[in-house]
1. Under the rule a/c < 1.5 gives rounded, and otherwise a/b versus b/c splits prolate from oblate, where does segment 55-133 land using the Cα gyration tensor?
2. Quick one: helix 2-27 against the long Cα principal axis of the chain, what's the angle to the nearest 10°, folded into 0 to 90?
3. Each residue of segment 251-260 in turn: what ³J(HN,Hα) in whole Hz from Karplus with 6.51, -1.76, 1.60 and θ = phi - 60°, glycine and Pro shown as x?
4. Quick one: what are the phi-derived ³J(HN,Hα) couplings along segment 331-346, Karplus 6.51/-1.76/1.60 with θ = phi - 60°, whole Hz, x for glycine and proline?
5. What relative contact order, as a whole-number percentage, does segment 230-319 give when Cα pairs under 8 Å and 6 or more residues apart are counted?
6. Fewest first, what order do 83, 188 take by the number of other Cβ atoms within 10 Å?
7. Using amide H atoms built in the peptide plane, which far-off residues or other-chain residues are under 5 Å from residue 278 H to H?
8. Set the Förster distance to 30 Å, then compute FRET efficiency between residue 236 and residue 112 from the Cβ-Cβ distance, nearest 0.05.
Amino acid sequence: MVMKRIALLCFLFLTCFSIQSVAQVDLGDDATLSGTIFTDYYWMAQHHNEDIEGKNGFWFRRIYATYDHNLSEGFSTRVRLEMSSAGDFQSDPEMIPNVKDAYLKWQNENHAILAGISSTPTWGLTEDIWGYRSVEKSPQDLYDFGSSRDFGLSVKGNVTPSGDLNYHFFIGNGNSNKPEIDRGKKVMFSLAYHLNDNVVLQGYGDYNDRTDDPDSYTAQLLGGYQSEVLNVGALYSNHYREGQLGLSAQSLDLVSVFTNFKINDSTKGYLRADHLFDGYRGGSGNSYIPFAEEVESTFLVGGADFLLSDRIHLMPNIEAIIYGENDQGMSPGTDIIPRLTLYWAF
């Protein structure tokens, strides 16, 4: 009996060693496996929807697992899986991974071509300047002005040798990272000019041609300042959706200002204000932070970032949504959501 246990332990040890050895060989010097996780304890302290008010608990808003591999000189690939809690305050399904990124990339000194599922130019720079995706989505993402990913062909790089002027062109399915379901395509283009090492201006536009759903157009301007101690950004975006099946066309105007700033070596602060001049159609189904529909709104978020180690952040924050009046002259109650956000990477 003792010999059987010893033999079993030896077998398990050798099996684990073999698996580890294979993993090390597979990864090698040209490959990396990394991950990012952010989770909250949330409290719907006050909400216009009485069914949601008072709810509280823990959830994972995002878990990323990313594999990067340099295939040869100039060629690389990335596969990223994503999973998250439902965030709809109704269902409780288990978290199921989906493909966030899956692309082949060719790159030289000034240009890159990506084929597959990759980042769109819609709000990449906005997210960089805002700097706190772990706390809240970028303004355009929060209001469904587009998608952070699409399946297609992307070309980006520098227009000038100095890199002061750069571009990002994307032609994709227009259906995020989901399969193609119609004949249309989405075209996206951004052009950014760096006035100096700190100041950048960007223009962006897209057109999404949908066969069975309303077509949409987006145009936006972004200005930002970035440094080691202070980031400041200002955004204007217009998103137009054509009418269909009894729904009128909708033109959504969004403005946002945001900043993050260094307080000391282990603490930062962040503030943001978004104003949507039109009703957020479909906002009641927004994950983690449902909006009142068909009414003007101002979204506010602020908090602190405590650096527990190089890759661990504890970020207490509070979100609020203040609503205007609807067609009947009534205003939904203000939403107030305190949260404690934990972020770590490996």
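Here, each number is a calculation from the coordinates, and none is a lab measurement. Model, not experiment: these values are computed from the prediction. Cβ: placed from backbone, ideal geometry, glycine included. Neighbour counts: every protein chain shown.
1. Prolate.
2. 60
3. So the Karplus estimates, Gly and Pro as x, are 10, 9, 10, 10, 10, 8, 10, 8, 7, 9 Hz.
4. 10, x, x, 5, 8, 10, 9, x, 9, 10, 9, 10, 10, 8, 9, 9
5. Answer for segment 230-319 is 21 percent.
6. 83, 188
7. 253, 297
8. According to the calculation, E is roughly 0.60.
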